[in-house]
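Enquirer: Supplied in structure tokens, the structure appears directly below.
The values are calculated or read from the model by the stated rules, or taken from the named source; none is laboratory data. Just so it is clear, the structure is predicted and the values come from calculations on it, not from any experiment. Backbone-built Cβ (ideal geometry, glycine too); neighbour counts: all protein chains shown.
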Amino acid sequence: TKTIREVLQEVIPQKQAQLQELKAKHSQASLGDVKVENVIGGMRGLKAMLWDASVLDPIEGIRFHGLSIPDCQKQLTPAPGGKEIIAESMLWLLLTGRVPTEAETRQLSREFAEKGDLPKHVEQLIDSLPKTLHPMTQLGMGVAALNHDSQFAAAYERGIKKSEYWTHTLEDCINLIARLPALAARIYRNVYKPGTPIAGINKDLDLVGNYVNMLGYGHNHDLTEYLRLYIAIHGDHEGGNASAHTAHLVGSTLSDPYLSYAAALFALAGPLHGLANQEVLRWQMNMQKEIGDKITHENIKEFLWKTLKSGQVVPGYGHGVLRNPDPRFIALQEFCSTRPELLADPVIQLVKQTYEVAPGVLKEHGKTKNPYPNVDAASGCVLYHYGLTEFKYYTVIFGVSRALGALTQLVWARALNLPLERPKSLSIDAIKQIVEKQ
Ligand code: AMX
């Protein structure tokens with residue numbers, strides 16, 4: 001059994017050599033033109049970023065180091081007594097490109113459990129915040145404050161060689177991932193269950209097992225399994241999405257992983273990105289209130305049109321890259337399909353019926369390039385079923401998960417010595433001058 005550090009010591013030189021070769025032989029090769037539409041269109045489609053852990057195909061969806069979600073479900077170790085992918089095995093895959101053995105996975109679970117307690121000053125900070133402050137704001141603040149103990153920042157101040165950056169970055173990333181469940185659970189308990197004690201960390205449990213325990217739902221095996229799957233498959237979605245890209249950009253200034261990930265969380269907190277999973281539930285509940293018990297395709301269609309005609313987006317539908325139903329949406333639907341009590345739940349049924357109608361309506365509406373559901377269309381309704389009904393909290397769970405991808409790639413950015421990110425911007429006049437000469 002190897003530690004994750006030993007495996008990285010093996011893989012990093014190989015990747016460094018690969019990158020050197022690419023640089024030496026193909027630096028001047030083109031990956032495509034930069035069109036005006038890329039520059040004014042949020043850089044959609046522009047191949048302009050290195051990200052090794054996952055690649056998103058518009059039709060097939062995400063692959064993590066080449067493995068699809070069903071491949072991961074077959075190959076990655078579950079928790080003892082569970083079936084779903086756990087965060088530790090996904091992290092191993094994202095960070096090293098290798099499928100870990102069961103022993104390697106368990107070793108990482110133990111390390112996370114041993115490092116999972118929050119420093120006192122962060123507990124006090126979170127406890128002092130008003131309960132009305134959005135849970136995502138609290139999460140970002142807590143993560144930023146954890147930089148008090150950043151090993152990378154301390155080592156940089158001492159003076160270290162560039163070749164050592166990644167080792168200190170790795171320690172920060174592991175410490176941060178270990179502490180996220182206690183931080184995220186404390187926010188939940190303070191806001192929604194004030195005055196009740198929080199469970200301690202159990203050294204024999206996986207990261208998400210402990211998270212669910214601290215949230216106060218540890219008795220619910222099905223919810224624990226659902227969150228294991230949820231957190232594993234939300235872990236990475238290539239590098240261009242707003243949260244991963246933010247972590248990468250901020251990290252490129254050599255800000256430490258805590259500050260880089262805090263910034264990423266504030267990108268995730270936007271309604272076009274991670275906040276959509278809160279928005280979906282709010283929107284579906286409004287739909288249910290408006291159409292009552294008479295849930296028919298016709299009524300759902302009418303509600304969809306009302307949303308669109310009022311100039312709002314249909315939350316949980318559309319995507320910057322995907323052009324098919326999101327395989328993460330499918331994986332979460334499949335989780336429901338094996339559990340009759342979930343299938344019978346009216347909110348889950350409403351989500352399913354909306355899926356039967358919404359693509360047709362969105363196609364007719366004719367604006368979105370992708371009329372199909374993304375992961376957020378399905379993720380919240382199961383939490384709601386299991387009693388985690390506070391949907392303003394849902395994006396925090398996403399935030400615990402996205403750390404897996406964003407932080408592992410910070411380690412790689414330092415290992416590969418990727419430079420400060422600094423694209424060239426142009427004014428409208430400058431663009432006009434360039435195109436008018438062509
Ligand atoms: N409902 C209504 N209109 C939509 C739409 C939707 N679900 N998705 C896209 N459109 C509209 C856009 O607003 C845009 O309108 P405009 O021309 O008036 O500005 C037009 O269709 C073209 O957009 P696009 O190229 O298809 O999408 P995009 O790459 O610009 O944006 C996304 C992608 C996800 C922001 C968009 O589809 C959206 O707003 N969806 C709803 C919010 C959501 O579910 N976000 C979560 C995404 C996944 C995640 O990050 N967690």
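Enquirer: Taking segment 58-77, which residues are within 16 Å of the ligand (Cβ to nearest atom) and in contact with a strand residue (DSSP E or B) (Cβ under 9 Å, 6 or more places away or on another chain)?
Expert: Answer for segment 58-77, where residues must be within 16 Å of the ligand (Cβ to nearest atom) and in contact with a strand residue (DSSP E or B) (Cβ under 9 Å, 6 or more places away or on another chain): I62, I69.
Enquirer: For segment 289-312: of the residues being touching a residue at least 24 places away in the same chain (Cβ under 8 Å) and either in a helix (DSSP H, G or I) or in contact with a Ser or Thr (Cβ under 8 Å, 6 or more places away or on another chain) (or both), which is surrounded by the most Cβ atoms within 10 Å (Cβ to Cβ)?
Expert: Filtering first and then ranking leaves L304.
Enquirer: Only residues that are among the acidic types (D, E) and surrounded by 17 or more Cβ atoms within 10 Å (Cβ to Cβ): list them for segment 185-209, please.
Expert: D206
Enquirer: Residues in segment 122-134: is at least one assigned to a loop (DSSP other than H, G, I, E, B), closer than 21 Å to R402 by Cα and in contact (Cβ under 8 Å) with a residue 40 or more places away in the chain?
Expert: Scanning segment 122-134, I find at least one residue that is assigned to a loop (DSSP other than H, G, I, E, B), closer than 21 Å to R402 by Cα and in contact (Cβ under 8 Å) with a residue 40 or more places away in the chain, so the answer is yes.
Let's see how each residue does on (1) away from the ligand (no atom under 16 Å from the Cβ); (2) not in a loop (DSSP other than H, G, I, E, B):
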site	(1), (2)
I330	no, yes
C336	yes, yes
L342	yes, yes
K352	yes, yes
K369	no, no
C381	no, yes
Y384	yes, yes
L388	yes, no
G405	no, yes
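Enquirer: Which residues, taken from segment 267-288, are outside any helix (DSSP H, G or I), near the ligand (Cβ under 10 Å from one of its atoms) and touching a residue at least 60 places away in the same chain (Cβ under 8 Å)?
Expert: Matches in segment 267-288: G274, L275.
Enquirer: Whether any residue in segment 82-97 is surrounded by 14 or more Cβ atoms within 10 Å (Cβ to Cβ), within 21 Å of T395 (Cβ to Cβ), without any contact (Cβ under 8 Å) to a residue 40 or more places away in the chain and outside the structural domain of R328 (by TED's automatic domain parsing) is what I want to check.
Expert: No, segment 82-97 contains no residue that is surrounded by 14 or more Cβ atoms within 10 Å (Cβ to Cβ), within 21 Å of T395 (Cβ to Cβ), without any contact (Cβ under 8 Å) to a residue 40 or more places away in the chain and outside the structural domain of R328 (by TED's automatic domain parsing).
Enquirer: Here is a further query. Filter segment 15-50 down to the residues that are surrounded by fewer than 10 Cβ atoms within 10 Å (Cβ to Cβ) and not in a loop (DSSP other than H, G, I, E, B), then identify the one that is farthest from the ligand (Cβ to nearest atom).
Expert: My answer is A24.
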